[in-house]
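Student: Dropping the structure in here first, questions after.
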């Protein structure tokens with residue numbers, strides 16, 4: 001970040017726990033501070049599986065993007081609420097398979113905006129990687145901005161990777177997803193996962209996160225998350241713990257996060 005960004009710098013409160021930086025810490029990244037590590041450790045004390053969840057969430061992203069790029073032929077990706085870049089980001093996975101892939105990242109976080117500059121420099125000659133600074137509560141604005149890069153007359157993969165838990169109203173979550181997909185072409189896909197209230201330990205972890213000053217994260221039931229896929233065709237194996245999605249090891253223990261990939265008819 002340069003000195004020419006005083007307004008942006010004022011928004012970056014390094015002494016307060018920050019959702020994207022806490023997640024970056026759990027994933028083993030380096031873009032976090034003491035306040036983030038303290039909040040992250042507080043959660044891990046009561047729910048140590050959070051570190052597994054964070055890293056398995058990236059496996060799910062990689063698996064889903066590979067499937068869409070290699071098996072379905074999707075060449076356009078709209079990654080909403082992307083967070084801080086770590087390893088194997090959406091554009092890296094997609095463009096490794098199809099160099100011409102067009103990837104638009106969306107986030108409303110000023111810290112992510114700073115790091116997006118690195119993302120923007122990391123693209124193939126044939127493809128495009130860009131960033132829209134917007135809030136997922138305004139899908140129409142996101143679609144308008146993304147349409148300068150993406151062709152919505154062709155299939156698009158719309159991705160919400162563990163971010164809709166920051167919206168407390170489930171009706172609002174369903175509205176966001178529906179509005180984001182409304183103008184996409186047939187053959188577009190939704191990729192979505194979120195944390196679930198499927199164990200007492202994860203509920204305790206969510207409570208500890210809020211107590212530590214982090215942004216509260218609302219855990220939902222798998223049945224609630226399933227309503228986000230209404231009217232879509234679920235890809236096998238359907239809505240499942242993310243670490244079991246296309247997982248061949250029968251001994252893998254399910255984690256408290258469910259996700260799916262689904263096709264728009």
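Student: Taking all pairs of different Cα atoms in the chain, averaging 1/r and flipping that mean, what Kirkwood radius in angstroms comes out?
Tutor: 18.7 Å
Student: Ignoring solvent entirely, what values of log10 I(q)/I(0) come out of the Debye formula for region 138-265 at 0.13, 0.19, 0.21 Å⁻¹ when each Cα is a single scatterer?
Tutor: -0.59, -1.08, -1.22
Student: At 222 nm, what helix-only mean residue ellipticity would the chain give, in deg cm²/dmol to the nearest 500, using -39500 (n - 2.57) for each DSSP H run of four or more?
Tutor: It lands at -11500 deg cm²/dmol.
Student: So for region 211-258, Kirkwood radius off the Cα pairs, Stokes-Einstein at 20 °C and 1.002 mPa s: how many µm² s⁻¹?
Tutor: 167 µm²/s
Student: To continue, here is another question. Indicate the gyration tensor shape class of region 113-192 (rounded, prolate or oblate), computed on the Cα atoms with a ≥ b ≥ c the square roots of the eigenvalues: a/c under 1.5 is rounded; otherwise a/b larger than b/c is prolate and the rest oblate.
Tutor: Cα axes put region 113-192 in the oblate bin.
Student: Sort 23, 193 so that the residue with the fewest other Cβ atoms within 10 Å of its own Cβ comes first and the one with the most comes last.
Tutor: Fewest-to-most Cβ neighbours within 10 Å comes out as 23, 193.
Student: How would 221, 188, 35 line up from fewest to most surrounding beta-carbon atoms within 10 angstrom?
Tutor: Numbers: 221 12, 188 23, 35 19.
Ranked by crowding around the Cβ, least crowded first: 221, 35, 188.
Student: Cα centroid distance between region 125-163 and region 46-109, in Å?
Tutor: Here the answer is 13 Å between Cα centres.
Student: Considering Cα pairs under 8 angstrom that are at least six residues apart, work out the relative contact order of the chain and quote it in whole percent.
Tutor: 18 percent
Student: Still on this structure, please answer the following. What fraction, in whole percent, of alpha-carbon pairs in region 17-161 exceed 22 Å separation?
Tutor: The answer is 40 percent, as a whole percent.
Student: Under the definition of Cα pairs under 8 Å and six or more residues apart, what whole-number percent is the relative contact order of region 130-189?
Tutor: That works out to 46 percent.
Student: Show me the ranking of peptides 123-129, 74-80 by mean Cβ neighbours inside 10 Å, starting with the highest.
Tutor: 74-80, 123-129
Student: Relative contact order of region 93-227: what whole-number percent is it, with Cα pairs under 8 angstrom and at least 6 residues apart?
Tutor: About 20 percent, as a whole number.
Student: Hey, another quick one. Taking the highest mean first, how do the peptides 106-118, 133-145 order by number of other beta carbon atoms within 10 angstrom per residue? List each step's numbers first, then the result.
Tutor: Numbers: 106-118: 18.8, 133-145: 17.1.
Highest-to-lowest ranking by the protection proxy: 106-118, 133-145.
Any read-out appearing in this document is the output of simple, stated calculations on the displayed coordinates, not a laboratory observation. Here the structure is a predicted model, which means the values were calculated and not measured. Cβ atoms come from the backbone with ideal geometry, glycine included; neighbour counts cover every protein chain shown.
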